[in-house]
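Working notes for the structure below.
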Amino acid sequence: MKLFQNFSFQKLKSVIPSTAPRKLISIHIGKNSVKAIAVKRTGKKAVIVSSAEVETEPDAVYDINKTGRALSNVLNELGSGAKQGIIVTGRVKFLASELAVPPGTKLSEDKLSAAVTWEMEPYLDFPAQDGIFDYRLVEDKTISNSKPVLISAMTKEEFNEMSEILKDFRISLCRAYSPESALAFSSWVSKGEGEDKIAVNCRQDALTGIYLKASADPFLIQSFPLEPGALLEDQIIAMVQEINSSAGDVKKIVIAGDAVSEELAENVKTKLDADIRIWRPEKELEEYGVTMETANLHSGYAAVIGAALQELGFSGKPVGVTARVPFIKQAREHAYLAPAVGLAVIIVCFLGHYGIVKHRIGHYSTEISSLEKKKKALTLLRDERIGLQSRQNSASQKRIYLEKLLPARQKNLLFFLKRVPDVILNDTILESLIQKEESSFFLNGFALHTGSIGLFAGKLSKLDGCKEVKIKSITKQKVGEEKFSFPYEFCMEIVLKE
């Protein structure tokens with residue numbers, strides 16, 4: 001998955017809100033281990049009180065019973081009395097995107113939630129109605145025709161399962177974070193260096209690269225499964241080169257994750273002309289005055305610490321999902337109860353006037369019913385007129401589409417197909433072009449190197465008539481009896497201008 005969006009990490013630092021917890025437990029559920037830290041907030045600083053890490057049973061991340069046993073072990077070892085907790089898990093889906101909201105347009109909370117759900121739905125592996133969503137709008141003056149947004153999603157069932165497990169330990173689950181959003185913040189707090197940076201998360205089964213820019217704030221994610229038998233340093237170098245093909249020549253690389261070692265960093269440094277360093281909390285979190293009362297906090301704790309700092313209020317609105325409904329929203333949803341509560345107070349206070357109040361209520365009820373009937377008769381013609389105007393506008397939009405927009409889209413497609421042979425690389429072949437929507441196509445092919453795919457995508461995106469190019473997948477072909485000349489199969493989504 002490759003996403004490039006404007007993401008204002010420079011605005012993450014803000015005043016700590018009073019609603020943030022004072023102490024909490026942050027838990028990262030990984031493929032082979034579970035990590036936890038207990039953190040408390042003192043003023044505008046954070047103190048990591050204790051930490052713990054336990055190995056998990058195979059596939060514990062997908063088995064709720066095994067997950068429960070792992071959480072029990074790590075919480076017993078942590079030995080903290082905090083009553084609030086958060087989790088970091090790959091079950092939370094994360095997307096940095098843009099909403100098609102014109103400048104100056106203000107949408108209601110319901111409309112924004114619907115737009116966020118629609119934007120996130122193509123990236124989900126579960127029905128949208130079964131999930132909980134949370135989003136954070138990002139202000140960016142460089143974008144004039146849309147609004148950047150960070151979206152997180154998780155199934156209600158999985159969130160409730162995790163919440164029930166933590167309840168057994170008298171811990172209330174506040175929020176769930178994706179590894180991407182947690183790692184991004186833990187690496188960005190050292191932005192005082194003023195240089196572009198790439199953060200690489202070396203997990204046991206996959207690599208995730210995050211491009212963080214010091215200015216203008218593009219946000220780029222690359223995630224690939226680890227290839228068995230291939231050297232880890234070579235795969236890291238390939239990922240960095242993929243990101244640089246779109247982001248430019250980034251020289252600062254921060255490596256985090258369970259698979260990181262000094263030897264790995266040295267091997268990458270010898271093969272890549274860049275400033276390579278291992279993520280360490282005392283270095284990355286120095287700006288926020290984070291102190292540690294526990295030892296053995298290695299680079300694998302980057303995500304769990306990043307999520308904790310967000311929940312403690314160091315980044316404004318956290319980038320994660322929660323099932324809790326804010327008090328203000330509850331009040332809005334139950335606003336209809338206010339008249340009933342007021343009436344009950346009046347009855348209790350003025351019990352002696354019960355008969356008079358009852359008589360007046362009956363009188364007004366009859367009058368309201370009469371007014372409702374008159375309203376229906378008077379507004380019937382207005383409703384019919386509004387309906388006719390809506391149908392007229394719909395017909396007019398369809399006519400404009402057929403007369404103007406459709407020929408323009410066909411022209412863009414013909415021009416795009418004509419220029420493709422001029423930009424195709426020597427080590428890349430195309431297999432098929434399949435139309436997805438009116439102005440969206442899937443381009444399938446093979447390449448000799450993964451770097452060629454990114455370079456080819458960059459050239460396609462610069463063609464006139466082309467609006468956007470996204471690399472949907474890159475797959476290493478299995479070697480059979482005969483070796484493939486072009487071992488990497490890829491799929492791109494081409495979006496033409498309308």
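The values are calculated or read from the model by the stated rules, or taken from the named source; none is laboratory data. What you are looking at is a predicted structure, and each value in this text was computed from that prediction instead of being measured. All Cβ positions, even for glycine, are placed from backbone atoms using ideal geometry, and neighbour counts span all protein chains on display.
Structure summary
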read-out	value
Test set (1) among the hydroxyl-bearing types (Ser, Thr, Tyr); (2) without any contact (Cβ under 8 Å) to a residue 60 or more places away in the chain; (3) in a strand (DSSP E or B) - Ser223 fails condition number	(2)
Residues satisfying the stated conditions in the stretch 86-138, i.e. in contact (Cβ under 8 Å) with a residue 24 or more places away in the chain, among the aromatic types (Phe, Trp, Tyr) and either exposed (fewer than 14 other Cβ atoms within 10 Å of the Cβ) or not in a helix (DSSP H, G or I) (or both)	Phe94, Phe126, Phe133
Condition check for Glu293: without any contact (Cβ under 8 Å) to a residue 40 or more places away in the chain and exposed (fewer than 14 other Cβ atoms within 10 Å of the Cβ)	no
Matching option when the condition is at pLDDT 65 or above, outside any helix (DSSP H, G or I) and over 30 Å from Ile494 (Cβ atoms), among Gly362, Gly316	Gly316
Restricting the stretch 279-290 to residues that are crowded, with 18+ Cβ neighbours inside 10 Å and not aromatic (Phe, Trp, Tyr), the residue that is nearest to Gln204 (Cα to Cα)	Pro281
Residue ID - surrounded by the most Cβ atoms within 10 Å (Cβ to Cβ), chosen from residues in the stretch 43-58 that are under 17 Å from Lys83 (Cα atoms) and not aliphatic (A, V, I, L, M)	Ser51
Any hit, the stretch 264-273, residues being part of a loop (DSSP other than H, G, I, E, B), at pLDDT below 80, assigned by TED's automatic domain parsing to the domain that holds Ala46 and over 19 Å from Phe94 (Cβ atoms)	no
Residue check, Ile471 in contact with a helix residue (DSSP H, G or I) (Cβ under 6 Å, 6 or more places away or on another chain), buried (at least 16 other Cβ atoms within 10 Å of the Cβ) and not assigned by TED's automatic domain parsing to the domain that holds Ile221	yes
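Yes/no per residue for (1) touching a Gly at 6+ places or on another chain (Cβ under 7 Å); (2) outside any helix (DSSP H, G or I); (3) not charged (D, E, K, R):
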{"residue": "Asp234", "(1), (2), (3)": "no, no, no"}
{"residue": "Asn244", "(1), (2), (3)": "no, no, yes"}
{"residue": "Ile255", "(1), (2), (3)": "no, yes, yes"}
{"residue": "Val260", "(1), (2), (3)": "no, yes, yes"}
{"residue": "Ile276", "(1), (2), (3)": "no, yes, yes"}
{"residue": "Asn296", "(1), (2), (3)": "no, yes, yes"}
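Listed here are the residues, each with its yes/no results for (1) of a type in the set (Lys, Arg); (2) surrounded by 17 or more Cβ atoms within 10 Å (Cβ to Cβ); (3) outside any helix (DSSP H, G or I).
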| position | (1), (2), (3) |
| --- | --- |
| Lys411 | yes, no, no |
| Leu414 | no, no, no |
| Pro421 | no, no, no |
| Glu431 | no, no, yes |
| Ile434 | no, no, yes |
| Glu438 | no, no, yes |
| Ile453 | no, yes, no |
